[in-house]
Each structure stands twice: as structure tokens, then as C-alpha cells.
Amino acid sequence: MRALLPPDHTLSLTNPTGQTYTLRLWTASAEAPTLLLLDGDWVQDSIQQFVQRYPRSINIASVGYGLSQAETAVRRAYDFTPPHPDGNVDPRVSTWKNGGAAEFSAFLTQHVLPALQPHVDLQTSRLGLFGHSYAGLYALYAWLQPDTTFAQYIVASPSVWWRWPHLHQLAAGIHPAPHPAPLRILLGENEQWHAHPQQPGQVRPPGEPTLPLIQAWLHALPSTLQPYCQLELCPQMAHGPMLAHSATIALELMRL
């Protein structure tokens with residue numbers, strides 16, 4: 001097995017509320033395409049395989065938390081979910097707080113991108129965003145915003161079931177940007193979402209296919225936006241394995 005290729009730069013960033021993040025950066029050149037991957041702690045294997053196969057081909061940045069899986073789940077449940085009028089309690093895990101997506105967007109633009117600036121020419125580099133699951137939900141939310149930061153969005157297994165039909169309503173009510181960024185959605189053929197039991201100890205309800213919700217979300221978009229969207233099904237893939245699989249696809253797409 002080849003030795004791991006460490007990032008060229010590893011930075012600790014702090015948001016205005018004192019929460020810390022780890023930014024890792026593998027550089028190719030200032031003008032090369034740049035992909036920012038969310039859930040950076042969980043996609044390191046995919047990044048390592050890519051940089052060993054295609055060294056110095058694109059700039060790769062990842063944002064993570066440097067925490068245990070349980071602690072990371074709490075943080076991402078807040079960062080990656082939009083504000084909602086019914087409150088900020090997660091619909092599946094009542095101890096998780098939701099609603100921090102707008103703050104996370106500000107953190108990306110005010111802290112993460114400036115940290116990349118000394119190493120990446122953000123004016124000429126094609127800047128892409130990748131997110132899976134809750135991070136995919138965030139990426140869809142970010143794509144819907146009028147001040148689009150990224151030139152390309154690669155979204156895997158987005159949790160559109162979250163407070164459905166909230167994201168559907170956001171899609172239907174947006175005012176399209178004149179030149180929206182391309183949006184590519186990757187979805188496992190066997191993906192389902194599972195509601196948690198209403199009472200502890202109860203049997204978890206059967207899963208429901210995710211594809212119809214994604215299709216409904218796409219259909220709700222204004223017709224002028226739909227040509228910028230592409231949905232790709234990944235055969236025989238379920239939600240968990242889609243993280244590494246889709247991260248690899250995203251990295252390879254940015255190389256093209």
C-alpha cells in the first residue's frame with residue numbers, strides 16, 4: 001500500500017460562536033479547479049485514493065470537525081440544516097439542534113474561502129462544492145440562494161426528507177439567478193430514508209425510497225432552472241456506501 005499523502009496545509013478555523021473546524025488542502029496550482037468537500041473527516045480515504053492516482057491534478061479542500069462520530073453528528077445536524085419556522089429541533093433526534101445553514105454559509109464565505117485565497121486563485125479557479133446526506137441537504141439549500149458562491153455543486157444522497165416539504169417549498173418559491181451554477185445530484189438506486197420510532201424501544205418503521213422525493217424537488221424548481229440540474233442513479237448503492245462512492249465521482253468530475 002502506498003504511503004499516505006498528507007495535505008499541503010492544515011488549518012484550524014473558528015467561527016463567530018467559537019466552534020472550531022479543520023480545513024485540509026491539497027494543492028495542484030493556483031488556477032486548477034478546486035473542490036471543497038464537506039464532512040471532511042469522513043472522506044479522507046476517497047481523497048487519498050484520488051491524490052495517489054491523480055497527483056496534483058486539482059486543488060482539494062475538506063472541512064471537518066476533528067471530533068468523534070457522535071460529536072460530529074451533532075455539529076453537522078446544526079450546520080447543514082436550513083432555518084425552519086417550526087423550531088430548531090431535529091425531526092429524528094430530539095437532542096440535535098437544527099437551523100444553522102445560513103451561519104455555515106457565512107462561515108464558508110468569511111473564513112474558509114479567505115483561508116484558501118493564499119493558495120488558490122478564487123477568481124479563475126473553478127470552485128466546486130460536494131456534500132452527502134445532511135451535507136447534501138445543505139448543498140441544495142446553498143444552491144438555492146441568490147448569492148451562489150460556487151461554480152459547480154455535486155450533491156450526493158441529499159436528506160430532502162428533512163421536514164418535508166420544506167425544501168420543496170423553498171425550491172418552488174425561489175427567484176432564479178440569471179446564470180445558475182450546474183447542479184449534479186448523485187443518488188443510490190437502493191436509498192431509503194428511515195424515520196425513528198416515536199417511542200424508545202419501538203421497532204423502526206420501514207424505509208421509504210428517496211428517489212420520489214428528489215424527483216418531486218426537481219419538478220418544483222422553476223422551469224428555467226431545470227436544465228442546469230442532472231440526476232444520476234448509482235446502481236445497487238445504498239445510503240452509507242454512497243459517501244465514499246460519490247466523493248470519488250465528485251473528485252473525478254472536477255478533474256475533467
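The values are calculated or read from the model by the stated rules, or taken from the named source; none is laboratory data. These numbers come from a predicted model, not from an experiment. Neighbour counts are summed over all protein chains in view; Cβ atoms, including those assigned to glycine, are modelled from backbone coordinates with ideal geometry. Surface accessibility is based on the protein's heavy atoms, side chains included, excluding ligands, DNA and RNA. Shrake-Rupley method; radii C 1.70, N 1.55, O 1.52, S 1.80 Å.
Considering the stretch 181-206, the residues that are over 21 Å from Leu129 (Cα atoms) and not in a loop (DSSP other than H, G, I, E, B) include one that is modelled with the lowest pLDDT, namely Trp193.
Taking (1) at pLDDT 95 or above; (2) surrounded by 14 or more Cβ atoms within 10 Å (Cβ to Cβ) in turn, Ala102 satisfies each apart from (2).
Taking into account only those residues within the stretch 152-180 that are open to solvent by 10 Å² or more (accessible area, probe 1.4 Å) and of a type in the set (A, V, I, L, M), which is modelled with the lowest pLDDT?
As a first pass, look at the stretch 152-180 and keep what is open to solvent by 10 Å² or more (accessible area, probe 1.4 Å): 152, 161, 163-166, 168-170, 172-180.
Cutting the leftovers down to of a type in the set (A, V, I, L, M) gives us 170, 172, 174, 177.
On the way: Leu170: 94, Ala172: 93, Ile174: 89, Ala177: 73.
Among residues in the stretch 152-180 that are open to solvent by 10 Å² or more (accessible area, probe 1.4 Å) and of a type in the set (A, V, I, L, M), the one modelled with the lowest pLDDT is Ala177.
The listed residues are Leu38, Leu5, and the only one of them that is of a type in the set (A, V, I, L, M, F, W, C) and either more than 21 Å from Phe104 (Cβ to Cβ) or open to solvent by 40 Å² or more (accessible area, probe 1.4 Å) (or both) turns out to be Leu5. Checking each residue in the stretch 45-82 for being in a loop (DSSP other than H, G, I, E, B), open to solvent by less than 20 Å² (accessible area, probe 1.4 Å) and under 30 Å from Trp162 (Cα atoms) picks out Tyr65, Phe80, Thr81, Pro82.
Picking from Ala77, Ala30, Ala61, which residue would you name as being of a type outside the set (Lys, Arg), under 20 Å from Gly100 (Cα atoms) and either out of contact with any helix residue (DSSP H, G or I) (no Cβ under 9 Å at 6 or more places or on another chain) or at pLDDT 95 or above (or both)? Step through it out loud before you land on a result.
Working: Ala30 fails: under 20 Å from Gly100 (Cα atoms); Ala61 fails: under 20 Å from Gly100 (Cα atoms).
That would be Ala77, the only listed residue that is of a type outside the set (Lys, Arg), under 20 Å from Gly100 (Cα atoms) and either out of contact with any helix residue (DSSP H, G or I) (no Cβ under 9 Å at 6 or more places or on another chain) or at pLDDT 95 or above (or both).
Matching residues to (1) of a type in the set (Phe, Trp, Tyr); (2) under 10 Å from the mean Cα position of the chain (by Cα); (3) assigned to a loop (DSSP other than H, G, I, E, B):
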residue: Thr109; (1), (2), (3): no, no, no
residue: Val112; (1), (2), (3): no, no, no
residue: Pro118; (1), (2), (3): no, no, yes
residue: Leu122; (1), (2), (3): no, no, yes
residue: Pro146; (1), (2), (3): no, no, yes
residue: Phe150; (1), (2), (3): yes, no, yes
residue: Tyr153; (1), (2), (3): yes, yes, no
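Taking the stretch 20-35 as the range and being surrounded by fewer than 16 Cβ atoms within 10 Å (Cβ to Cβ) and not small (Gly, Ala, Ser) as the test, the residues that pass are Thr20, Glu31. Per the conditions (1) over 24 Å from Leu256 (Cβ atoms); (2) crowded, with 21+ Cβ neighbours inside 10 Å; (3) not hydroxyl-bearing (Ser, Thr, Tyr), the sole criterion not satisfied by Ala142 is (1).
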